[in-house]
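Engineer: Here you go, one structure.
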Amino acid sequence: MLEINLEANGYKVIQADTAAQGIQLSASHQPDLILLDIGLPDQNGLDTLLHLRQWYTNPIIILSVFNQESFIIKALDTGANDYLTKPFRVGELLARIRALLKGKQTIDQKSEIMSGALKIDLVARAVFKNNQLIKLTSTEYKLLSLLAKFEGRVLTHTILFK
């Protein structure tokens, strides 16, 4: 029923029944957002969240029947962007999805990244250090801009290769 409501609201849905399948689909499709149920048949949802956060940087919303504050805090501290307890209202879920995707678009739409003396102009695809243009190959530029966009986060070789 959740899938139908999401698709009816213009979202493309890819569903997985297990943690292993979900991780595999996430790696191959790079979804804009993941809805992660904690009650998975093959792995604890928090362990799945930890695994995803090794390389997945887009928003993750936890859906769970667990409503204890300590569990919610643990999920958020582990890397979830939001947490909804079941049963939840579909309208509220849709609003949370919109808010998280809106925040992601703001990050994606930046025109430049500044870090110390380094400036990356994402529109012109140019890199400057101390206002001096630095010549980079296409691969070097892509790698530098990716690392700059996700400054402070660990990116695995899988993400870097993609």
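The values are calculated or read from the model by the stated rules, or taken from the named source; none is laboratory data. Fair warning: this is a prediction, and the values are worked out from it, not measured in the lab. Here the Cβ is made from the backbone with ideal geometry for all residues, glycine too, and neighbour counts use every protein chain on show.
Engineer: Here is a list of conditions, (1) small (G, A, S); (2) modelled with pLDDT of 90 or more; (3) closer than 26 Å to E140 by Cβ, and A117 meets all of them except one; can you say which number that is?
Structural biologist: (2)
Engineer: Please enumerate the residues belonging to segment 111-125 that are loosely packed, with under 12 Cβ neighbours inside 10 Å and assigned to a loop (DSSP other than H, G, I, E, B).
Structural biologist: Scanning segment 111-125 gives S111, G116, A117, V123, A124.
Engineer: Shifting gears a bit: List pairs: first residue in segment 126-142 and surrounded by fewer than 10 Cβ atoms within 10 Å (Cβ to Cβ), second residue of a type outside the set (D, E, K, R) anywhere in the structure, Cβ distance under 6 angstrom, at least six positions apart or on different chains.
Structural biologist: Final answer for the pair search is N130/A117.
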